[in-house]
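Here is the structure we will look at.
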Amino acid sequence: MFAIIGGSGLAKLADLKLERREVVRTPFGDPSCALSFGTIDGVAVVFLARHGYGHTIAPHQINYRANLWALHHVGATEVLAVATVGGIRADCGPGALVVPDQVIDYTHGRKNTFFEGPDNPVTHVDFTEPYTESIRARLLNGATAAGEAVIAGACYGCTQGPRLETAAEIRRMERDGCDLVGMTGMPEAVLARELSLPYGVLAVVANHAAGLGDSRRAISLEAMGAVMDEAMVRARRVLAASLRAGAAVSR
Ligand code: HPA
């Protein structure tokens, strides 16, 4: 069964034919919300709103461990995550859809492993390629099938938030090789890896990152909202097509 994790602007999946909701308790506390089970175009899906259905949970307060554990527990076998980001690389402007292939983690103080505590031997998972290639291919093939432009490959820099970045922080991230900046990519991706859950992200660019383009002096939250309203329509189409698309690597 596919899991979809929705981010800002995607707290509900309009195209999900809802069958039931389930509250899942986990050894790590409560997930962001009850899980929604249903179908999209006949394909079984479980949906979770990362920030809660009312968008009340800040990025650093999300219980990523409970979210991933719950999805795994109910039988999810592949995770398609949607994340709102700022664009750093020139071609990743507002409205762009991007399937990243790398991550740099700037977060701190988040619970970022299942492998801790007295009964858990220390385990170092391989994270050379943070996103599962078959999921990336599925998203890219889905975009092709839906006729939506998508950028294949980008480095997602994950900041702590909830504040947006300074212009200097974005310049540093650019020097580091980041193409996108968001606040929720980690530890979500690594926790999926620890559970051996195939995982990939469809990033939706809401704004130029701080200090760049029309965010040179400030980031307009109003403009961000308008971009997201339009871009999420395309993101939903890509998601729906991705469920039907093959996972063969064709690019
Ligand atoms: N920075 C961090 N997270 C974000 C941004 C940004 O500019 N836009 C949307 N999510």
Percent antiparallel among DSSP beta bridges (both partners in the chain, rounded to 5): 35 percent
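Among 98, 227, 205, 122, rank each residue by its count of other Cβ atoms within 10 Å, from fewest to most, as a rough exposure measure.
Going from least to most buried by this count: 122, 227, 98, 205.
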Highest-first arrangement of 19-28, 236-245, where packing means the average Cβ count within 10 Å: 236-245, 19-28
Residue 60-residue 91 FRET efficiency (beta carbon distance; Förster radius 45 Å; 0.05 resolution): 0.95
Neighbour-count order for 135, 57, fewest beta carbons within 10 angstrom listed first: 57, 135
Calculated P(r) of the range 2-250 - Cα pairs past 29 Å, %: 23 percent
Relative exposure of 33, 155, 178, judged by other C-beta atoms within 10 Å (fewest first): 155, 33, 178
Order by protection proxy (mean Cβ within 10 Å, highest first), peptides 60-72, 41-53: 60-72, 41-53
Rounded to whole Hz, the Karplus (6.51, -1.76, 1.60) HN-Hα couplings of the range 127-135, x for glycine and proline: 9, 3, 10, x, 10, 6, 4, 5, 6
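Would you calculate a helix-derived [θ] at 222 nm for the chain, using -39,500 (n - 2.57) for each DSSP H run of n ≥ 4 and dividing by the full residue count, to the nearest 500?
Counting only the DSSP helices, I get -8000 deg cm²/dmol.
A short reminder: the numbers here are calculations on the coordinates, not readings from a lab. This structure is a prediction, so every number in the text was calculated from the model and none was measured. Here Cβ is always computed from backbone atoms with ideal geometry, including for glycine, and neighbour counts include all displayed protein chains.
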